[in-house]
Amino acid sequence: MPRVAKCFFILFLNSIALFSQRDKHLDSLIVSYTKAVSDTDRINKYADIGMYIASTGNVTEAITYYQKIINTFSKSYPEKCIDTKNKIAFCYISSEEYHKADSVIQLMIAESTKLNYQKGIGLAYRNLGLIAVYTGKYKEGVAYHLKALDIWEKIKNKKLCRVSNSDLGIAFFYQENYKKAVYYWEIALKLNFDKTSLDYISDCTNLGQAYVGSSDYDKATAWFKKTIVYYATHKNSLTYYTNALAGIANIEFKKKNYVQALAHYNEIIKLREDPNTRNNDLAITYLNVSLIYGEFGKPKEAIEYGLKGYQKALESEDKNELLHAYENLTAVYAKAGNYEKAYDFSQLFKTLKDSLSGIESQKQINELDKQYQTEKKEKENQLLNKQLEIQQIQGKQQQFYLLISVIILVLIAFLSIVLYNQNKQKQKVNLKLEVKNKIIEEQHKDIIDSINYAKRIQQAILKEEEHVSAHLPPHFILFQPKDIVSGDFYWALEKAEYLYVTAADCTGHGVPGAFLTMLGISYLNEINACEEVLTPADILYQLRDKIVKELSRHGTTKDGMDISMMRLNLKTNEAMWAGAFNPLWYIENGTLKEIKANKQPIGYVEDPQPFTNHTLNLKANDTVYLFTDGFADQFGGAKGKKYKYKQLEENLLANSHKPLDEQKQFLQNSFNSWKGNLEQVDDVTIIGIKIA
């Protein structure tokens, strides 16, 4: 017996006592393992044992067996071991241990990259997409699933293409984009050639749910009936059967056929409360029964089932179920006349809804999908053009060989014909060069058009941040990017009686800097989605933590941003400020004063320190300035030197008595005049606020 196989057989013997008390199916798996004649067959059989144990709910024991495969065959079968790590990651995801899953996934990426094992990289992206969607980060989830799908299409793996299309359907369904969900689930069904598989029935049930969401009840019912018919002969499809029943019950509810809907929901509860089914997905069912009792005018029962659903949602930590629980409890408490409770749950619903599905996040998800579809079509066109080009070349080669044969036969007598054909060939080459030059020009234009489109997206985001409110003091924003898109950004948020204002400078400019600006704005919105009124230092600390964690996923990097953030009390004019490298200037009684920032960026540093809050009591007619370094660093003037902060201080002080729109125009004119014909060296942002 070979050494590796013998070692694996010893592992099996050590585990035999654990298997002895399991059911007949497990016994049959063990028997099939003992009959395995090769290492590959042993790996597959042992993996089947692990998968079966995982299906019984014993995830920890399954992971132990998977790890034994890795320990035994890591050197001889590295790709098989990467596939086994994928099973371990999936076990952790199913038990909602996402941090452990992420550690395994990062190992998969590193090892697969080293081996150029594209399937391993795709499986890792797929798992990262699942984690993102399950934790409510839909934009990240869609991005990862599209990356995985791109790999499956390149390696022509139709089975995994079906899986990723199904995953994308789920991601868009959670975003209530039912049209996109239907699109991807229909593709998944076309790629599934086994109409009797659970995967096929799963996608049928999902399609039914998507059509319910888009109010096409006839199509929804047709897909649900496929699942119900399947369950009659395949009792292992209980989960899909109850999901299909729930879909039909939901349709009856929307049609106000409450008696029929309640009958279906009661059957679902009976099946799912049975401990032998291991199906505890009851939150949404309880919540829908709660709404029906509300329609029946039975507030006591409505609240009882609403709280049951709320408790199940809390236990599952599923944010989508929790969102439904908040919405339903708001409705049933309002019907019961308990408006205080209804208000409390409505606020919880609003906060969670905003964090899960912001308008800009949805735009970005749709943009990712649109970009993927465009790139896919471009690749198909390029492949078709390449095939046509090969056919043309082959045809010309045949003509060329025929010509050579003729030349050999007639020798010198037909030399003039050879020279003539060479001249024609040169003309064809020149024509090809002209065509290729036009293609290059068109590709260059496409790139510039794409960047301009990105500029419109960034401008739309920044326009939302240019806060407008009757409560705010007069202000101006001077914003002049170096390139088409900017590495600077500004951000504002009005929360209770406070106004947060920020000017930030990300590493780099142009397209790389612009990506960081969108990341920074997204994280600032996420950090401040809580009810707590945070200090600027607290926000900068959390922002640094998120930036470092996100960028360090691909290795240590010094990318980040410099930032100036102020929180202004709109009632008392008390200001609190913190900064990373960028200072704060304010003019008080005709004197310009400066508060220095912490000498550390929003990014990776070896010894990170807390940021410092500075408090100042502003008075009427005081002016505050937040800015990045682009204005002061601009070269120009008669000698081509930097503008410098000293000159900027003098100009701000000299013009501080003027209206803010005149100050902004002066700064704009001064910058352009100083720059002259020289290139702008960096993005420019200055925010001025006059205290009323």
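Read the figures in this text as sums done on the coordinates, not as results from a lab. Everything numeric in this text was worked out from a predicted model, so none of it was measured. Counting neighbours? That spans all protein chains shown, and the Cβs are built from the backbone with ideal geometry, glycine included.
Simple spin-label model, 7 Å along Cα-to-Cβ: ASP218 to THR40 in nm?
5.2
Using the Karplus curve 6.51 cos²θ - 1.76 cosθ + 1.60 with θ = phi - 60°, work out ³J(HN,Hα) for each residue of the range 281-288 in order, rounded to whole Hz, and write x for Gly and Pro.
7, 10, 4, 5, 4, 4, 5, 5
Along the three principal axes, how long is the range 580-692 when you take its alpha carbons, biggest first, rounded to the nearest angstrom?
That gives 42, 40, 18 Å along the principal axes, largest extent first.
Is the range 309-354 best put as rounded, prolate or oblate by its Cα gyration tensor, with a ≥ b ≥ c the root eigenvalues, rounded for a/c under 1.5, and otherwise prolate when a/b is larger than b/c, oblate when not?
Oblate, because a/c is 1.5 or more while a/b does not exceed b/c.
Enter the mean projected area of the convex hull around the alpha-carbon atoms of the range 467-690, in nm², rounded to one decimal.
12.5
Please state the equivalent ellipsoid semi-axes for the range 127-204: what are the square roots of 5 times the Cα gyration tensor eigenvalues, largest first, in whole Å?
Largest first, the range 127-204 gives 19, 15, 10 Å.
With only Lys, Arg, Asp and Glu charged, each at its Cβ (+1 for the first two, -1 for the last two), find how big the charge dipole of the range 62-159 is about the Cα centre; round to the nearest 20 debye.
Dipole of the range 62-159, to the nearest 20 debye: 320 debye.
Which pairs in the list LYS158/LYS195; LYS154/LYS426; LYS195/LYS270 are over 26 Å apart, alpha-carbon to alpha-carbon?
Listed pairs above 26 Å: LYS154/LYS426; LYS195/LYS270.
Just need the relative contact order of the range 473-558 here, percent rounded to a whole number, with Cα pairs under 8 Å and 6+ apart.
21
Could you order the peptides 664-675, 142-153, 589-600 from most to least packed, using the average number of other C-beta atoms within 10 Å per residue?
Taking the mean over residues of other Cβ atoms within 10 Å, the ranking is 142-153, 664-675, 589-600.
Sort the range 78-188 into rounded, prolate or oblate with this rule: let a ≥ b ≥ c be the square roots of the eigenvalues of the Cα gyration tensor; rounded if a/c is under 1.5, and if a/c is not under 1.5, prolate when a/b is larger than b/c, oblate otherwise.
It comes out oblate by the Cα gyration axes.
Rounded if a/c is under 1.5, else prolate if a/b beats b/c, else oblate: with a ≥ b ≥ c from the C-alpha gyration tensor eigenvalues square-rooted, which is the range 573-616?
Prolate.
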